[in-house]
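The values are calculated or read from the model by the stated rules, or taken from the named source; none is laboratory data. Since this is a predicted model, take the numbers as computed values, not measurements. Neighbour counts run over all protein chains shown; Cβ positions are idealised from the backbone, glycine included.
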Ligand code: NAD
């Protein structure tokens, strides 16, 4: 039921793929994938233009009284990319590398991710340019509360629901929930997900993204006829996503031979003791000094001769510079956007099976959805029920993307974008253009 006239696709103005360096701009890198899928779907130009633009972009200056009595001003962003399918959903990151372009890209990713796993959310993302490692807990609390106040008009269980991302955690979510609740005058647990379980968080949420990675790696191994037991794995990033993915893959019988974070990377062909490494990081907050295994560079970790590579740190770590050297048979993108658009074709030519970010790391937002449902219903599920429902959604979504990829003879990333865009586009067509 299209509401607009179909125009020839040549009316669409796209960035020049030959001259555009996708590695320079995460938003345009993401949009190159969007463009490929939109073209295959023969998306109407009007809808293409709508989906290529974020609905709302907010930039806030955040004055914070530092512990030394000086006032510092930080910059924060919140982008609501698309809310056609439901409230916007997306994490908040605290990092010095945060830019508006990055936040826009991440917000768009969230839109496609929620659509791939078919949960009733749109996509958003937020970020504050800061180095949380150099800030005290009380400085971080003041920063979080003032940032929340700055974006409060868009927040709400029915409008925009944040979650943790890089360098934010359930403590930060508790501050956001409290600040929002103070402003609206009543406790509103469903305004954020990834909260402490004691205040409306869901069992299984903290592990959900890593658990989702483990589930899709097993699906990919089964698809390729590879065994789970003894499969070698390298994991880049040892935070919320990477450490849990490593732990659960290890528990399933895989051999995790390399792990790394921003401080150091370790390689042990006999297998890393993942649980010991997690225990070490929980005390020290980084892997440096863990000491078991050979120290390798972060770059070398990515090109190890392993069956499965799980990039679970930051974006753009697999680019045209190193894609040709990747030896893994499967890449499971735990991070958002770890592979540049230009690197995709190199990986495809070399037969690397990529489980794309919008599918591979969708476990987190899926259990965030469960958390939101539980908060709104005021009735909480067992961890087993959460994990079972997560498995159902991840397996079903993986198989839906795989079958689309076979049907259209495209890679898993393009198929995932096609599935996501077609779902978002269908709702736009049904809703029409409000004038
Ligand atoms: P986190 O802050 O818990 O962990 C990030 C990890 O990456 C840390 O171990 C850090 O040391 C490491 N790291 C940072 N820079 C690095 C570098 N240059 N080289 C190697 N390691 C580096 O963050 P997280 O929640 O685990 O998120 C990781 C990625 O997963 C991000 O891309 C995030 O957007 C994505 N993601 C997270 C969730 C979630 O539920 N937390 C959900 C979906 C996607």
Could you check residue 43 against (1) surrounded by fewer than 22 Cβ atoms within 10 Å (Cβ to Cβ); (2) away from the ligand (no atom under 14 Å from the Cβ); (3) part of a loop (DSSP other than H, G, I, E, B) and say which number it fails?
(1)
Search result, residues across the stretch 312-327 that are over 21 Å from residue 165 (Cα atoms) and within 16 Å of the ligand (Cβ to nearest atom)
319, 321, 322, 326
Residue 285 passes all but one of (1) within 16 Å of the ligand (Cβ to nearest atom); (2) crowded, with 18+ Cβ neighbours inside 10 Å; which number fails?
(2)
Kindly establish whether residue 390 is under 30 Å from residue 96 (Cα atoms), outside the structural domain of residue 107 (by TED's automatic domain parsing), modelled with pLDDT of 95 or more and within 14 Å of the ligand (Cβ to nearest atom).
no
Quick check on my filter: what residues within the stretch 64-116 are away from the ligand (no atom under 13 Å from the Cβ), closer than 29 Å to residue 431 by Cα, within 19 Å of the chain's Cα centre (by Cα) and not in a helix (DSSP H, G or I)?
77, 78, 79, 80, 81, 82, 83, 85, 86, 87, 88
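Which one of these is under 24 Å from residue 412 (Cβ atoms) and within 11 Å of the ligand (Cβ to nearest atom): 212, 260, 225, 239?
Sole residue among the options that is under 24 Å from residue 412 (Cβ atoms) and within 11 Å of the ligand (Cβ to nearest atom): 212.
Rundown of residues vs (1) without any contact (Cβ under 8 Å) to a residue 40 or more places away in the chain; (2) over 21 Å from residue 93 (Cβ atoms); (3) surrounded by 23 or more Cβ atoms within 10 Å (Cβ to Cβ); (4) not assigned by TED's automatic domain parsing to the domain that holds residue 354, yes/no style:
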| site | (1), (2), (3), (4) |
| --- | --- |
| 266 | yes, yes, no, no |
| 271 | yes, yes, no, no |
| 276 | yes, yes, no, no |
| 304 | no, yes, no, no |
| 315 | no, no, yes, no |
| 335 | no, no, yes, no |
